Amino acid sequence: MKKILVIGAGAMGSAFCVPSLENKNDVTLIGTHLENQLIEELKKKDNFHPILQTRLPKELKIKEFSEMNEVLNNKPDIIVVGVSSLGIDWFIEQISKNFHDNQKIVLLTKGLSIFENKLITISEKIKILLDRKNFKNINISAVKGPCLAVGIANKIRTGVVIANPKIEEAEELSKVFSTDYYKAEISDDLNGVELSGAIKNIYSMLIGASEGLSAPNAPEEIKSKYYLNTASSLVHRSISEMVSFVSHYGGKSDTVYGLAGLGDLYVSALGGRNSKMGKYLGQGFLYKDIINDQMKGVTVEGAELALELGNELRNELSGKKFPLMFNIIDAICNNQKLKINW
């Protein structure tokens, strides 16, 4: 049995608590300083999660942010990062108050970061920030794959990959979290798994736009019936660019064809916020109009990634080698209509 602390009570952090509890682990879910109202609602409604629209297991311990230090003082074996990429600095500030070198960090967060003018993964950023606080022997693993949070919370069968440069660490965590419905493969390609899990958000927007891009002069009824030819073509070309991207930044190309790349791209392209954003872009709407109207108040990871990394990627990569990526970046960052040079 492991003591597991999940920080971040949003959809994915909360859903991850469900398989975490299956192997008789002691699991605590704690909200951020922005989630006090959500935690209060969870407690009042007998663990019913308003975002997931399902009831979390009764064995789950649910705590408010004010109880963070008390929980950390209890020395959890595993700290699970369930905050967004924008919350990583905050996360480090909180755990560093009571962090121990022998604790394992498991990263659910998907994203990349520009840190000191360089593109790095979230695990690299965490290591740098903890190292600057004089912590050594930092053990970080990442969990990525085709896992919509609602599916996990309802025990829908899926597979994920747990990555750690030390394969024995990934293997140990696989035993902790794997269940009959949540199967965890293992990998030593932490870099490639994180890169794949992040960049697929940009390409899932593109594939989401396939209906609108399928035939500019065809009636909407025809496009809605037959756009899958276009979608399949974009999937193929997206994977090709993802392989080049992951390889460029030091990951293994084979990782892209696994659960963190192709698997996660598939589920994201079929549905979700990135795909929905892509659909509107494909219909000819401008990004700023979409976020102020159709998707007001909705966090779209792919769009945020494009905004954060756009300038760096333009400087670092060739537009000829990554035409699809640059098409999406131009549409988001320059607020212009999405166009593909077929």
In Å², nearest 10: area of Arg273 left accessible to a 1.4 Å probe: 110
Per residue, in Å², the accessible surface of region 135-207 once ligands and nucleic acids are set aside, probe 1.4 Å: 35
Whole-Hz ³J(HN,Hα) from phi, Karplus 6.51 cos²θ - 1.76 cosθ + 1.60, for region 226-234, glycine and proline x: 10, 6, 4, 4, 5, 4, 5, 4, 5
Exposure rank, largest accessible area first [His49, His33; 1.4 Å]: His33, His49
Accessible heavy-atom area order of Phe285, Phe65, Phe177, highest first, probe of 1.4 Å: Phe285, Phe65, Phe177
Relative contact order computed over region 134-202 (Cα-Cα under 8 Å; 6+ residues apart), in percent: 32
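What is the mean projected area of the alpha carbon convex hull for region 258-342, to one decimal in square nanometres? Mind showing how you got there, number by number?
Details: hull surface 24.0 nm².
One quarter of the hull surface, i.e. the mean projection, equals 6.0 nm².
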Surface accessible to a 1.4 Å probe, Ser141 within the full protein complex, Å²: 0
Sequence of Val267, Val193 from largest to smallest accessible area, 1.4 Å probe: Val267, Val193
The chain - percent of accessible surface contributed by carbon and sulfur, probe 1.4 Å: 48
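Tally Lys/Arg at +1 and Asp/Glu at -1 over every other residue whose Cβ is under 15 Å from the Cβ of Asp46; what's the total? Numbers along the way, then the final one.
Working: positive: Lys43, Lys44, Lys45, Arg55, Lys58, Lys61; negative: Glu40, Glu41, Glu59.
Neighbour charge sum, excluding Asp46 itself: +3.
Would you work out the relative contact order for region 138-261, in percent, from Cα pairs under 8 angstrom that are 6 or more residues apart?
Details: 175 pairs, mean separation 33.9, N = 124.
RCO, region 138-261: 27 percent.
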Sequence-distant residues sharing a close amide H with Arg55 (under 5 Å, placed H): His49
Calculated from backbone phi, Karplus (6.51, -1.76, 1.60) coupling profile of region 66-78 in Hz, x at Gly/Pro: 4, 9, 4, 4, 4, 5, 5, 5, 7, 6, x, 6, 10
Interchain or long-range residues, amide H under 5 Å from Phe115's placed H: Ile120
Relative contact order for the chain, counting Cα pairs under 8 Å that sit 6 or more residues apart, in percent: 15
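Based on Cα coordinates alone, diagonalise the gyration tensor for region 156-305, multiply each eigenvalue by 5, take square roots, and list the semi-axes in whole Å, largest first. Spell out each step's value before the answer.
Working: eigenvalues 201, 50, 44 Å².
Taking √(5λ) for each Cα gyration eigenvalue gives 32, 16, 15 Å.
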Considering only the chain, percent of DSSP beta bridges that pair antiparallel, nearest 5: 25
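Using every Cα-Cα pair within region 13-139, state what percent have a distance larger than 24 Å.
Values: 2434 of 8001 pairs.
The calculated P(r) of region 13-139 puts 30 percent of pairs beyond 24 Å.
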Exposure of Lys63 as accessible area (Å², to 10), given a probe of 1.4 Å and all protein chains: 60
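Send over a whole-number figure in Å² for the accessible area per residue of region 5-89, probe 1.4 Å.
Details: 3840 Å² over 85 residues.
Heavy-atom SASA per residue in region 5-89 reads 45 Å².
With charges set only on the Cβ (+1 for Lys and Arg, -1 for Asp and Glu), what does the dipole of the chain come to about its Cα centre, in debye to the nearest 20?
So the dipole magnitude of the chain works out to roughly 380 debye.
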Region 306-333 and region 188-238: distance between their alpha carbon centers, rounded to Å: 16
Calculated Cα extents along the principal axes in Å (choose from [x] 56, 53, 41; [y] 62, 42, 35; [z] 68, 47, 43), label: [y]
5 angstrom amide H check on Lys63, placed H, neighbours 5+ away: Leu29, Ile30, Gly31
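The values are calculated or read from the model by the stated rules, or taken from the named source; none is laboratory data. As the structure is a prediction and not an experimental result, all values here were calculated from the model. Ideal geometry is used to build each Cβ from the backbone, glycine not excepted, and the neighbour counts take in all protein chains shown. With ligands, DNA and RNA removed, areas are computed over all heavy atoms of the protein, side chains included. Shrake-Rupley method; radii C 1.70, N 1.55, O 1.52, S 1.80 Å.
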